[in-house]
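Each reported figure results from applying straightforward, stated rules to the coordinates on display, with no laboratory input. Every value quoted in this text rests on a predicted model; they were computed, and no experiment measured them. Here the Cβ positions follow ideal geometry from the backbone for every residue, glycine too, while neighbour counts run over all protein chains shown.
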Amino acid sequence: MLDPRIYRAAFVPVLFVLIVVAFSLENRPAPLRSELVPAAFDGARAARMLASLSDQYPSRRPGSPGDQKLALRVAQELRTALPKVVVRTRAVKDARTVDGERDLVTVEATLPGSAPGAPLVLVSARDALSPRAAASLSGTAAMIEIARVIALARPRRSVIFASVSGSTGGQAGIKQLSQQLPRPLDAMIVLGDLAGPVTTDQLVTGWSSSSGAAPLLLSRTVATALRAETGLKAASPLARREIARFAWPVTVGQQGPPVAAGIPTVLLSASGELPAAGDAPVDSTRLQGFGRAALRSLTALDQNRSISAGSPSLDLVVTRKLLPSWAIRLLVAALLLPALLAAADGFARLRRERSPVARWIVWVLAVALPFAAAEIFIRVLGLFGVLNVTAPPAPPGSLPFAAAGIGALVSAAVIFALAFLVLRPLINGALTVSDSSAAPGASLAPSLVISLVAVVVWIFNPYAALLLVLPVNIWLLVGAREERLRRRWAIFWILFSLLPILAVALVYLDQFALSPFALIWFIFLSLAGGTPPLIAAVGWCVACGAGAAALLRAARRDPAPDQAITVRGPVSYAGPGSLGAVDSARRR
């Protein structure tokens, strides 16, 4: 069924692609720098403002009276810091938050520049789930102080200052702001926790809520300013983290929606993309250092060339070099090509032999049906409000596990089990197929399905397709061999092919500081909230079905050993006349 010559020959283009990829490496863009020292930022004044705001507005859950009163106070402070500038407030109606649908308020002020050019944007969030939560409010205090300094400096470009709510889940405020801001925009800096303890090395975050990330030029500019002002080094993204975040794009940081909307955006925060702890102590010295870093970043962007806007960047940082996204796409296509050609050749052979294949493809889709049924049920729970979920998903811990969560998880598991143990056998009976069948089409069908899924995934997201390179190749080699592997080895290789997906899970365990069960709950809430999109979820359900089908094939009983030969004579048939001449041979 599997022609090894075709499979081996298809690896020849991989060598040429590797050479092309090696020569496509580029130098990372140099960060923009400012010649002005941001000494005008008064850390003591910002600390006093922070203390005043946190004392007067201790309860700031999204959409609450305290949150809305604080919005009016921020608008008043911006009017004082930016004289002759119109400060507007906008309502965000029926926004989805961790407390259900709420009406939020966005405060916005635009300081005109002295020269034409795309404006810069500075954003901070006000809301918090814990009382006081001074660290979460430090970005707002720093933004007010930066507005006072920028107004005196007369920037070249316009600067937009905005205070939003909904950062504790759903990001409704900054999502609407990203949609309503004028285009083009040069860059956006989101101020998170600027005064709390440093809990991560991911101090500058640019992940998107869709595929990609903020331009590396912007990230390096802010990271360089931070190191100059505080001595802290924001970690550069590692290749394995980038692959994982690009393959399964989900973020809980406020920078996610703007990057997805095509605005170059980074989040500057001492706690990374995760929110600061409610009882985290604040430090005025740290607030001054981070505040001056934000101011230095703004002046560097104001004095230098523009950041290229557009779709989020998919370039990969590899050993201090930049690998373009087109090279990744080309490499993934070359790695998928051998299995695709071999699977297509096997399919053509089975068609010539009139061996059924279509029914076995339907059999694989029937194995995927339980995954799809559970996925649809989970999304229905979120759609009809049975579970309070947001999109993008709320940070871990914002929506704690409760009795409703236990019921939802158990219900999803029951639906999966019923579809697998009841509905799937009915479909198998209608197709007259069996999991233990020795038909060649049954062995090839999982490889055909995962190959087609990989091609579709590759079109939309080459990094997600990279996770399928091992399954596409290994499932074909295990399932389409002429001589079947022993059951334990077949199961081992099928499970081994899933290591890239396990690596993605480990990255998110580390990035979001989750336990394995907390990761399962986070994925459950993400699916209920509509992350990833429905078409992507369906594709992964089909991929899971193909993997389960490959495991079912690998778990079949090993064939009985060949019986020993007990009679003398040739082991195989040698053809007519092999034991002597015959009349037909004499006539020729």
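Looking at the square roots a ≥ b ≥ c of the eigenvalues of the Cα gyration tensor of the stretch 318-437, which shape do they give, rounded for a/c under 1.5, prolate if a/b is larger than b/c, or oblate?
Oblate is the answer for the stretch 318-437, as a/c is 1.5 or above yet b/c matches or exceeds a/b.
Full extension from S306 to A417: what is 0.36 nm times the residue separation minus their Cα-Cα distance, to one decimal in nm?
34.5 nm
Report, in debye and to the nearest 20, how large the dipole of the chain comes out about its Cα centre when Lys and Arg carry +1 and Asp and Glu carry -1 on their Cβ.
Computed about the Cα centre, the dipole is about 1120 debye.
Would you order W489, W475 from fewest to most other beta-carbon atoms within 10 Å of each residue's own beta-carbon?
W489, W475
Using 10 Å bins from zero, what percent of all Cα-Cα pairs in the stretch 308-387 falls into each bin?
All Cα pairs, binned at 10 Å, distribute as 13, 19, 20, 30, 16, 1 percent.
Would you please name the chymotrypsin sites (Phe, Trp or Tyr not before Pro) within the stretch 395-443 that are DSSP coil residues with at most 15 other C-beta atoms within 10 Å of their C-beta?
Within the stretch 395-443, the qualifying chymotrypsin sites (Phe, Trp or Tyr not before Pro) (loop, at most 15 other Cβ atoms within 10 Å) are F401.
If the cut-off is a Cα-Cα distance under 26 Å, which lysines reach K69, setting aside same-chain residues fewer than 8 apart in sequence?
Correct list for K69: K84, K93, K175.
Pull up the DSSP beta bridges for the chain and report the antiparallel fraction as a percent, rounded to 5.
60 percent
Counting only GluC sites (Glu not before Pro) that sit in a DSSP loop (anything but H, G, I, E, B) with at most 16 other Cβ atoms within 10 Å, what is the longest stretch of the chain containing none of them?
36-352
Sort 89-96, 496-503, 257-264, 134-141 by packing, meaning the average of other beta carbons within 10 Å per residue, with the highest value first.
134-141, 257-264, 89-96, 496-503
So what is the relative contact order for the chain, in percent, with contacts set as C-alpha pairs under 8 Å and at least six apart?
This gives 17 percent for the chain.
Full extension from F401 to R183: what is 0.36 nm times the residue separation minus their Cα-Cα distance, to one decimal in nm?
Full-extension gain reported as 74.4 nm.
Which residues in the stretch 171-214 place their backbone N less than 17 Å from a point set 7 Å from the Cα of T285 along the Cα-to-Cβ direction?
Taking a point 7 Å out along Cα→Cβ of T285, the residues of the stretch 171-214 whose backbone N falls under 17 Å are 194-199.
Please give the helix 499-511 orientation as an angle from the longest Cα principal axis of the chain, in degrees from 0 to 90, rounded to the nearest 10.
20 degrees
What percent do you get for the relative contact order of the stretch 359-554 when only Cα pairs under 8 Å and 6+ apart count?
So the answer I get is 44 percent.
Work out the FRET efficiency for K84 and D55 from their Cβ-Cβ distance, taking R0 = 35 Å, and round it to the nearest 0.05.
That gives a FRET efficiency of 0.70.
Can you give the percent of C-alpha pairs in the stretch 143-192 whose distance is more than 13 Å?
When every Cα pair of the stretch 143-192 is considered, 65 percent fall beyond 13 Å.
By how many degrees, between 0 and 90 and to the nearest 10, does the Cα long axis of helix 516-529 differ from the longest principal axis of the chain?
The helix 516-529 is inclined about 80 degrees to the chain.
Would you kindly work out the equivalent ellipsoid of the stretch 359-554 from its C-alpha gyration tensor and give its semi-axes, the square roots of five times the eigenvalues, largest first in whole Å?
Over the Cα atoms of the stretch 359-554, the semi-axes work out to 31, 20, 15 Å.
May I ask for the angle, rounded to the nearest 10°, between helix 284-303 and the longest principal axis of the chain, with both axes built from Cα atoms and the value confined to 0 to 90°?
Result, in degrees: 80.
Classify the stretch 119-250 from the C-alpha gyration tensor, please: rounded if a/c falls under 1.5, else prolate or oblate depending on whether a/b exceeds b/c.
It is rounded, given that a/c, with a ≥ b ≥ c, falls under 1.5.
Treating only the Cβ atoms of Lys and Arg (+1) and Asp and Glu (-1) as charged, compute the dipole magnitude of the stretch 446-547 about its Cα centre; round to the nearest 20 debye.
Charge dipole, the stretch 446-547, about its Cα centre: 340 debye, nearest 20.
Of V123, V250, V159, how do they rank once you tally other Cβ atoms within 10 Å and put the fewest first?
So the residues, fewest neighbours to most, are V250, V159, V123.
Rounded to the nearest 20 debye, what is the charge dipole size of the stretch 319-415 about its Cα centre when +1 sits on each Lys and Arg Cβ and -1 on each Asp and Glu Cβ?
Using only the charged Cβ atoms, the result is roughly 440 debye.
For the stretch 28-318, would you read off the P(r) tail past 31 Å as a percentage of all alpha carbon pairs?
For the stretch 28-318, the fraction of Cα-Cα distances above 31 Å is 18 percent.
Which log10 I(q)/I(0) values does the chain give at q = 0.10, 0.12 Å⁻¹ under the Debye formula, counting every alpha carbon as one identical point scatterer?
-0.89, -1.15
Tell me, what is the percent relative contact order of the stretch 28-318, built from C-alpha pairs under 8 Å that lie six or more residues apart?
25 percent
If each residue of separation counts as 0.36 nm, what is the full-extension length gain between R354 and I6 once their alpha-carbon separation is subtracted?
Length gained between R354 and I6: 123.1 nm.
Whole percent per 10 Å bin, from 0 to the bin with the longest distance: what is P(r) over all C-alpha pairs of the stretch 3-81?
With a bin width of 10 Å, the distribution comes to 13, 20, 14, 12, 10, 14, 14, 3.
Report the label-to-label distance for E101 and F384 in nanometres (one decimal), using points 7 Å from each Cα along the Cα→Cβ vector.
Spacing of the two 7 Å Cα→Cβ label points: 1.7 nm.
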